[in-house]
Amino acid sequence: MAQTDCILETRRLVKEFKGFVAVDEVSLRVQRGQIHALIGPNGAGKTTVFNLLTKFLIPTRGQILFNGRDITAEKPAQVARRGIVRSFQISATFPHLSVLENVRIGLQRRAGGSFQFWRSERVLDGLNDRAMALLDTVGLADVADWVTVELPYGSKRALEIATTLATEPELMLLDEPTQGMGHEDVERVTQLIKKVSANRTVLMVEHNMNVVASIADTISVLQRGQVIAEGSYDVVSKDPQVLEAYMGSADQALGEPA
């Protein structure tokens, strides 16, 4: 399909909480094959938008379309089966299983055998080659036998991406993938996101402007639940409204927020 094909669209999406408007007529168009970043100050509504897309929340008004189909009324499991997968939904939630076993569970989910621990070892071993290939993709093949709880933080986030990839998502939603990381881990995960986005679409919420500047094709900036700017980093980083939202002054350049 064409690179400019729209895979996900929201039309005037609204979410109200007892009179408070958290998302205010947000219209997004995420292009297939791109990394699309959703940024904005704390409380801008970014996570609420993610929760609406994955149906953890029901929109007050508006529409969500995926591959041209209206999915506004669908349940979270239906949306996931369509190929919209949010990273934390299937993160390494089994800390005392091995790294390999966690990815294998992600593969079982894709095969429709979610959490069937009682399946024969022979059947499960059949997933090992694919699981090891995924671990190799994210740079964790050497620690496949480690107990997950023993992994460093950055490696746990890499494992989370591997378990997400195991479900073969068409659209990956990454919620602040570099949050809480040191510089070295940030760089590693940034390059990993760029690598795994080669043949899929990524929508990410991210605070780190260096990450956004280096890998995002399109950036949508939210403030008080509304999209105030959209475009490449070069475009949005010079937008007076964006500078005002982040810095409190249009006279300063947009950089890494404190």
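Brief remarks on what is shown
- Selected residue (criterion: surrounded by the fewest Cβ atoms within 10 Å (Cβ to Cβ)) from residues of the range 210-224 that are modelled with pLDDT of 95 or more and part of a loop (DSSP other than H, G, I, E, B): D217
- Residue under evaluation H207, criteria (1) assigned by TED's automatic domain parsing to the domain that holds F50; (2) not in a loop (DSSP other than H, G, I, E, B), criterion not met: (2)
- Test result for T190, of a type in the set (S, T, N, Q) and within 23 Å of L8 (Cα to Cα): yes
- Yes/no for I71 being under 17 Å from the mean Cα position of the chain (by Cα), surrounded by 14 or more Cβ atoms within 10 Å (Cβ to Cβ), on the phi < 0 side of the Ramachandran plot and modelled with pLDDT of 90 or more: no
- Whichever residue in the range 16-26 is in a strand (DSSP E or B) and out of contact with any Gly (no Cβ under 8 Å at 6 or more places or on another chain) and, among such residues, is surrounded by the fewest Cβ atoms within 10 Å (Cβ to Cβ): F20
- So E168, is it in contact (Cβ under 8 Å) with a residue 60 or more places away in the chain and within 22 Å of L13 (Cβ to Cβ): no
- Conditions (1) more than 20 Å from the chain's Cα centre (by Cα); (2) modelled with pLDDT of 95 or more; (3) in a loop (DSSP other than H, G, I, E, B); number of the one not met by P59: (1)
- If the condition is being part of a loop (DSSP other than H, G, I, E, B) and small (G, A, S), then the range 171-202 contributes G180, G182.
- Within the range 27-56, being among the hydrophobic types (A, V, I, L, M, F, W, C) and touching a residue at least 24 places away in the same chain (Cβ under 8 Å) holds for L28, V30, I35, A37, L38, I39, A44, V49, F50, L52, L53.
- Test for K156: is it outside any strand (DSSP E or B), in contact with a strand residue (DSSP E or B) (Cβ under 9 Å, 6 or more places away or on another chain) and among the basic types (K, R): no
- Among the residues listed as L38, L52, L65, the single one being part of a helix (DSSP H, G or I), modelled with pLDDT of 90 or more and surrounded by 16 or more Cβ atoms within 10 Å (Cβ to Cβ): L52
- Exactly one residue among R119, R130 is at pLDDT below 90, over 22 Å from V49 (Cα atoms) and either surrounded by fewer than 18 Cβ atoms within 10 Å (Cβ to Cβ) or not assigned by TED's automatic domain parsing to the domain that holds S27 (or both), and that residue is R119.
- Among the candidates R29, R11, R61, the residue that is in contact with a strand residue (DSSP E or B) (Cβ under 7 Å, 6 or more places away or on another chain), under 16 Å from V202 (Cα atoms), of a type outside the set (S, T, N, Q) and in the same structural domain as A77 (by TED's automatic domain parsing) is uniquely R29.
The values are calculated or read from the model by the stated rules, or taken from the named source; none is laboratory data. Here the structure is a predicted model, which is why all the values come from computation and not from measurement. Neighbour counts run over all protein chains shown; Cβ positions are idealised from the backbone, glycine included.
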